[in-house]
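Just below is one structure, and these are the notes that go with it.
The values are calculated or read from the model by the stated rules, or taken from the named source; none is laboratory data. None of the values given here were measured: they were computed from a predicted structure. Here the Cβ positions follow ideal geometry from the backbone for every residue, glycine too, while neighbour counts run over all protein chains shown.
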Amino acid sequence: MYENGFIEKRTFSRLDCSMPVQYKRIGAIDSQDNRTLTKNISEGGTRIVVDEYIPVNSRLAVVLSFPFKGKNVKTFSKVVWAKRRSVQARYDLGVEFMGITIADRRDIAQFVRDKLS
């Protein structure tokens with residue numbers, strides 16, 4: 001399917017939403033817990049905005065705070081793309097969920113479906 005002149009490669013539907021996220025770089029000596037917000041989410045990953053450049057293929061420990069079931073979802077993730085936001089020293093990151101339970105993935109998929117319908 002074409003969208004804005006590009007072939008859509010996404011496997012999962014995305015929902016534009018802003019939810020709290022806590023993340024930490026795995027393997028970085030000086031990494032600390034950071035907080036940000038999602039820009040969108042799917043059962044396969046999320047887009048977040050961060051204040052530092054994080055290279056593609058970096059591993060992150062991520063905690064998503066979901067508005068449903070009063071629950072947090074913890075997952076190991078991988079940065080699959082990074083893009084600087086114009087002149088600001090901020091970056092959009094595409095983050096793929098790598099270590100997520102089947103139940104958490106199912107809950108996210110249901111949340112996205114419910115909000116999109």
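Observations, loosely collected:
- Those residues of the stretch 21-56 which are β-branched (Val, Ile, Thr) and surrounded by 13 or more Cβ atoms within 10 Å (Cβ to Cβ), in sequence order: VAL21, ILE26, THR36, THR38, ILE41, THR46, ILE48, VAL49, VAL50, ILE54
- Scan the stretch 57-83 for residues that are small (Gly, Ala, Ser), more than 18 Å from PHE12 (Cα to Cα) and surrounded by 11 or more Cβ atoms within 10 Å (Cβ to Cβ) and the total you get is 4.
- Residue within the stretch 62-80 that is modelled with pLDDT of 90 or more and in a loop (DSSP other than H, G, I, E, B) present: no
- Any hit, the stretch 60-77, residues being of a type in the set (D, E, K, R) and touching a Lys or Arg at 6+ places or on another chain (Cβ under 7 Å): no
- Annotation: of all residues in the stretch 81-94 being of a type outside the set (Gly, Ala, Ser) and not in a strand (DSSP E or B), the one that is farthest from GLY44 (Cα to Cα) is VAL87.
- The set of residues in the stretch 84-105 that are surrounded by fewer than 12 Cβ atoms within 10 Å (Cβ to Cβ) and either among the basic types (Lys, Arg) or closer than 18 Å to ARG25 by Cα (or both) comprises ARG84, ARG85.
- Selection within the stretch 95-117 - touching a residue at least 40 places away in the same chain (Cβ under 8 Å) and assigned to a strand (DSSP E or B): VAL95, GLU96, PHE97
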